[in-house]
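For reference, the structure discussed in these notes is given below.
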Amino acid sequence: MAREVTARADGYTMPLPDEIAIPVLNRAADFLGQPTDDVLRLQAQCDAINDREPTDHHTGPGTSEVYKKELRGEALKAFIFSRNPQTGEPWHDRLEIITNERGELIYPAQRFRQLLLAVRNAAAITIQAGTGMRISEICGLPAGMDDQSGLPRCVRVVPSFTGLNEIFLIRTVISKMEDTPREVDWLAGMRPKGASDLPLPVRAIIILDQLLARYRQMLRSDRLLVQFTNLRGLPVRSASVAQIRSMSLLKGMRDFVEEWVDFTSLPNQSEHPAEDNDLVPYKNTNGRCIRSHQFRKFYANFALSVDPRLLPAVQMHFHHISQAMTEGHYWGTNLLQIEPLSTTQRQHTALLLYELATGKTLVSGRMGDQLQASIEELRTKIGVRGGGEGWRNAISLVFEYDIRLWFAPHGKCLPLVPQAMRCHQLAGTSSWLNKEPNYETREPGVCAGCPSFVIDSKHRTFWEDRFLANMTAFRAAVRAGNGDTFRVIGDRAAQARALLVAIGADIGALEARVDMEAVDGRE
């Protein structure tokens, strides 16, 4: 009964499909750039007006605030937004009185409020999707900047195990399922020692600290986030500001997705569906069906398996998250953050078995060959028709036998026979108790010959790049008469070629690219 209940609780809330997750996070990350700069500039102008002393002509009862309101309105109408470097046009129209789709008049102050909240909501999406925090923990983030480090007071930097990198940790307050609130750390990213780049979630916190400073001061709050309780425009008194609640923040995140992310051109079904037409609910609701817990699994999904289609900054962030998990010895040290990773790990395992049973994917590698040979048994347990019932069967199978994949850009590890794992044999750590790879010795050449190794189409890009790089270098060496010296490079190319053939890659097109490189090299 426990396994049945756990499988239903953990297995049925899927991460956001790639087709939804990628445009959402890309748009949120993009919004924290040029749009945020404009919103902060315009807010600074409004703050300067609010801080003005009344003149001799505007000292009567109430007239000072009326006068300031007029000045704010003029500043909003006169503001010109920055030009989008791709289109050459301002990314947003001038703030004029407009009529929305429901026939309501939207005044400049109301629209500016919407833009300011869009920045807040984009930052919240970036923090949750980039750290795996619960939404209640985001609401509990403390405000303030550290003058010495230049970082938020809730962020600290610690050296990695090797000392070559710096790991960013965010401290917040957790209250869910706790008798008394307590502080916990969340991994936010990593950078080489001495570099100045900041992880996306840390940038988002810095933006929120500046964006909402005036409103926190009104409320006399030391929490990073606040919500507005007035109906229109920006608050000018403390009664219009309140401590933010989880449901209010979730609504704001959905508002951002609905207005700024377009799903209309998407197909009805994702590339790796767990059920038919899985993208339709997101398209029909403009993303308002998204739940905050999906952003936690979104974090886990990309930390485990970085998608090459992400924007470079986003891809870099999740790659560093994944590295920091292992190099910082972070696996198993923060159960709050490991929980969505563990759940998504099982879901990826179930998805692989599900797609094998329904004929939607091909696999390679020594473990992949074993799975392919057991396809009929899988179909018996899961079913060949797929859909919701097939997915439920796959989830139950994974939980019943505690089958779990481990991820890397070059492939997956399914250690059904732990003693045979090559990475542990090389490190001298072989044991039947091993449940995950040895990260210090795991690398593509070692994994490719391991009985636990599986690859599918998700790893095609890695092996295509490996084939092209090694085959081009090997052929150049052969032409120069150094073929024997570069024999290991040739073996790597042959290994990559064999794996690509097994998962249905277009080898002819790849070899044509190698030939083209050879022609260019001779010229």
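The values are calculated or read from the model by the stated rules, or taken from the named source; none is laboratory data. Keep in mind that what you see is a predicted model, and the values were worked out from it rather than measured. We place every Cβ from the backbone using ideal geometry, glycine too, and count neighbours over all the protein chains shown.
What the table below lists for this structure:
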| item | result |
| --- | --- |
| Test set (1) under 30 Å from E464 (Cβ atoms); (2) outside any loop (DSSP other than H, G, I, E, B); (3) at pLDDT below 85 - C447 fails condition number | (3) |
| Tally, over region 23-38, of residues that are surrounded by fewer than 17 Cβ atoms within 10 Å (Cβ to Cβ) and under 16 Å from Y299 (Cβ atoms) | 1 |
| Hey, R72 of a type in the set (K, R), within 29 Å of the chain's Cα centre (by Cα) and modelled with pLDDT under 95 or not | no |
| Test set (1) assigned to a strand (DSSP E or B); (2) surrounded by 16 or more Cβ atoms within 10 Å (Cβ to Cβ) - A204 fails condition number | (1) |
| Leading residue by the ranking (surrounded by the fewest Cβ atoms within 10 Å (Cβ to Cβ)) among those in region 348-360 that are over 20 Å from L16 (Cα atoms) and not small (G, A, S) | T358 |
| Scan of region 488-506 for residues that are small (G, A, S) and surrounded by fewer than 17 Cβ atoms within 10 Å (Cβ to Cβ), ordered by number | A494, A498, G504 |
| Identity of the residue in region 442-452, surrounded by 17 or more Cβ atoms within 10 Å (Cβ to Cβ) and not aliphatic (A, V, I, L, M), that ends up farthest from M421 (Cα to Cα) | P444 |
| Subset tally (residues that are under 24 Å from K458 (Cβ atoms), among the hydrophobic types (A, V, I, L, M, F, W, C) and assigned to a loop (DSSP other than H, G, I, E, B)) for region 478-520 | 2 |
| Residue check, R156 surrounded by 18 or more Cβ atoms within 10 Å (Cβ to Cβ) and of a type in the set (D, E, K, R) | no |
| Number of positions in region 417-444 that are in contact (Cβ under 8 Å) with a residue 12 or more places away in the chain and either among the aliphatic types (A, V, I, L, M) or in a helix (DSSP H, G or I) (or both) | 12 |
| Subset tally (residues that are buried (at least 19 other Cβ atoms within 10 Å of the Cβ) and not aliphatic (A, V, I, L, M)) for region 397-435 | 11 |
| Members of region 251-297 that are surrounded by 18 or more Cβ atoms within 10 Å (Cβ to Cβ), assigned to a helix (DSSP H, G or I) and touching a residue at least 60 places away in the same chain (Cβ under 8 Å) | G252, M253, F256, V257, W260, Y282, S292, Q294, F295, R296, K297 |
| Positions within region 163-175 being more than 15 Å from L224 (Cβ to Cβ) and buried (at least 23 other Cβ atoms within 10 Å of the Cβ), in sequence order | I167, F168 |
| Counted residues, region 347-366 - those being part of a helix (DSSP H, G or I), more than 14 Å from F302 (Cα to Cα), in contact with a Gly (Cβ under 8 Å, 6 or more places away or on another chain) and not hydroxyl-bearing (S, T, Y) | 3 |
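Residues checked against (1) over 28 Å from T344 (Cβ atoms); (2) among the charged types (D, E, K, R); (3) at pLDDT 95 or above; (4) surrounded by fewer than 21 Cβ atoms within 10 Å (Cβ to Cβ):
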{"residue": "N84", "(1), (2), (3), (4)": "yes, no, no, yes"}
{"residue": "E89", "(1), (2), (3), (4)": "yes, yes, no, yes"}
{"residue": "I106", "(1), (2), (3), (4)": "yes, no, no, yes"}
{"residue": "R134", "(1), (2), (3), (4)": "no, yes, no, no"}
{"residue": "S149", "(1), (2), (3), (4)": "yes, no, no, yes"}
{"residue": "F161", "(1), (2), (3), (4)": "no, no, no, yes"}
